[in-house]
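**Q** One structure coming up, written as structure tokens, with questions to follow.
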Amino acid sequence: MAIDTDVNAAALAEYRWGAGQGHKVVLYFTVGTGIGGGAIVDGRVLHGLSHPEMGHLGVPRHPEDLDFPGHCQFHGACLEGLASGPAIIRRWGASLSHLPADHPAHDVIPHYLAHTIVTMQAIFEPGRIILGGGVMSTPGLIDRVRAKAAELGAGYFRSKAEDLVTLPALGDKAGLLGALALAQAT
């Protein structure tokens, strides 16, 4: 028996059987009703005193999003408070995938996610960053995140955003398979 977070489980499954195979360091972010992040280093789930709280990172505000106070009950305008599904709905009245293609949200949300990508590159220089969750099912979002991350990275990092940032290869089964991976690791 093993107990861990759903995002750590998904990260481990993607490391073992999905988009993270063959990489020493793999990060997984779920972008949905909240934002959580898990890190796998050399096949082990990273923990500190508790699990990582990557969704509560501070991110620079998008210039067209300065008036929204954020949706996080603890930090207001952290990553989760700005880019999670509930934050998007609270701010614009609809999910990202239901907003028109020319809506400013399609620039704002990639801005926050790309800043997170570049921050994680600076800390971990991972082989893969996997973005899952309901918000990431928005058509074209992954490409906008990659483009913005490449712009922000300015060629500094070894990995290219188009190779580094991906959707889960295991799809919505990453969490369930992660539970199996956690049990096997115990």
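**Q** Filter segment 127-177 down to residues that are at pLDDT 95 or above, more than 13 Å from the chain's Cα centre (by Cα) and within 26 Å of ASP4 (Cα to Cα) and give me whichever is surrounded by the most Cβ atoms within 10 Å (Cβ to Cβ).
**A** Restricting to residues being at pLDDT 95 or above, more than 13 Å from the chain's Cα centre (by Cα) and within 26 Å of ASP4 (Cα to Cα), the top hit is LEU170.
**Q** Check LEU164, LEU99 and return the single one that is among the aliphatic types (A, V, I, L, M) and free of Cβ contacts under 8 Å to residues at least 12 places away in the same chain.
**A** Working: LEU164 fails: free of Cβ contacts under 8 Å to residues at least 12 places away in the same chain.
Criteria check complete, one pass: LEU99.
**Q** I need the helices (runs of 4 or more DSSP H) fully contained in segment 1-109, keeping only those with at least 3 residues that are under 18 Å from the mean Cα position of the chain (by Cα) and closer than 18 Å to LYS148 by Cβ. Walk me through it before giving the result.
**A** Working: elements: 6-17, 79-83, 85-92.
Per the criteria, 79-83.
**Q** With respect to ALA114, determine if the residue is in a helix (DSSP H, G or I), modelled with pLDDT of 95 or more and either surrounded by 14 or more Cβ atoms within 10 Å (Cβ to Cβ) or among the basic types (Lys, Arg) (or both).
**A** Yes, satisfied.
The values are calculated or read from the model by the stated rules, or taken from the named source; none is laboratory data. Just so it is clear, the structure is predicted and the values come from calculations on it, not from any experiment. Every residue, glycine among them, receives a Cβ derived from its backbone with ideal geometry; neighbour counts consider all protein chains shown.
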